[in-house]
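Encoded as structure tokens, the structure appears first; notes follow it.
Please treat every number below as a calculation from the coordinates, not as lab data. Treat the numbers as computed from the prediction; the structure is a model and nothing was measured. With ideal geometry, Cβ positions are generated from the backbone for all residues, glycine too; neighbour counts draw on all protein chains shown.
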Amino acid sequence: MYYPPYDHPAYHQNQYHTNIFNNRFLPSRQYPPVDTEMLSQSLNEFQILIHQGEILLDRLNDTQYAVQLMQAAQQGNQSEVNRLIDSIDGLYVPTQTTYTPSGVIFELQSPAVSQGANCCTLKITLKWGM
């Protein structure tokens, strides 16, 4: 059975519709002057995080350490996982560790975040199982 197309008024395109965004009489938006100071601070903080991430990854590359960490995570022993992460020499930024049977996520926070600033975090996601 054939039904003719229904021309609903709400969907009807007005051929005389004018685009208000192309109105040349609207005032142009004023933007504040560019200030790169906050970006520079964030970059400096993030470079620290990248260096700290390298320290973490180097330690995870040690097979004995990785076995200890994975066994603690597999047993659901969060305090042991935290202790192992905190025992890494040279790693001083706050690090939150979450894990599943298939992977682990390390979230390294800038020292400025612990002081109340909203700067940067580095999230390292690694797969370690199926």
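List of remarks:
- Matching residues in the range 32-90 - criterion: being outside any helix (DSSP H, G or I), aliphatic (A, V, I, L, M) and surrounded by 12 or more Cβ atoms within 10 Å (Cβ to Cβ): ILE88
- LEU122 vs. criteria among the aliphatic types (A, V, I, L, M) and within 25 Å of GLN41 (Cα to Cα): yes
- Entry remark, the range 37-59: residues being charged (D, E, K, R) and either within 11 Å of CYS119 (Cα to Cα) or under 16 Å from the mean Cα position of the chain (by Cα) (or both) number 1 in total.
- Counted residues, the range 91-107 - those being of a type in the set (Ser, Thr, Tyr) and not in a strand (DSSP E or B): 2
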